[in-house]
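This report concerns only the one structure given below.
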Amino acid sequence: MVFNRVCILFLVAAAMSSPTMSSATEFIVGDDSGWTLGFDYQAWAEGKNFQVGDKIIFKYLEGAHTVVKVNATGFQKCIKPPANEALTSGNDTIVLATPGKKWYICGVGSHCDLGQKLAINVQPLALSPDISPSPSPVAAKRPFLMNPHWW
């Protein structure tokens, strides 16, 4: 009986003290304009904080555009990779799973050359600001005394 109470107390304390991760954000690329021609995607991305776990959603008329993930050279020169796996649904969600630079272009005709491309920098997952600091080493060395009859 005492063992069960101690286990429950330990689990509750562990859950309360574990760091909470910030929640993922969903970004609709281009906001209300969506993924289209004649939009400045670099200006749109400016000042946004993309983090690991966030999602970017490309919305466009199916068949009118595609979304192709490329490298820096492909982005600068609008070159689709040979084994291109273009997204074509018109409502494409990409989970930002790793930190670093990410590049996306439209693979239709000269759309990329006309500016339909997006470069973002994904930051590592940040912890929520409400995380309390770890206990000092002195406090951690004190024995935990608990009266088994307190409950």
Inside segment 36-50, can you point out the residues that are in contact (Cβ under 8 Å) with a residue 60 or more places away in the chain and over 19 Å from the mean Cα position of the chain (by Cα)?
-> Thr36, Leu37, Gly38, Phe39, Asp40
Sort out which residues of segment 85-127 are without any contact (Cβ under 8 Å) to a residue 60 or more places away in the chain, buried (at least 19 other Cβ atoms within 10 Å of the Cβ), of a type in the set (D, E, K, R) and closer than 16 Å to Asn71 by Cα, and write them in order of number.
-> Lys102
Might you let me know whether segment 102-113 holds any residue that is farther than 29 Å from Ser89 by Cβ, part of a loop (DSSP other than H, G, I, E, B) and at pLDDT 55 or above?
-> no
For the subset of segment 47-67 comprising residues that are touching an Asp or Glu at 6+ places or on another chain (Cβ under 9 Å) and surrounded by fewer than 18 Cβ atoms within 10 Å (Cβ to Cβ), which member is farthest from Val108 (Cα to Cα)?
-> Lys55
Residue list for segment 76-93, restricted to those being closer than 21 Å to Gly38 by Cβ and within 21 Å of the chain's Cα centre (by Cα) = Ala86, Leu87, Gly90, Asn91, Asp92
Examine segment 117-133 for a residue that is modelled with pLDDT under 95, more than 18 Å from Ala24 (Cα to Cα) and either in a loop (DSSP other than H, G, I, E, B) or among the aromatic types (Phe, Trp, Tyr) (or both), and state whether such a residue exists.
-> yes
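The values are calculated or read from the model by the stated rules, or taken from the named source; none is laboratory data. Computed from a prediction, not measured in an experiment: that's the story for all the values here. Positions of Cβ are backbone-derived with ideal geometry, glycine not excepted, and every protein chain shown enters the neighbour counts.
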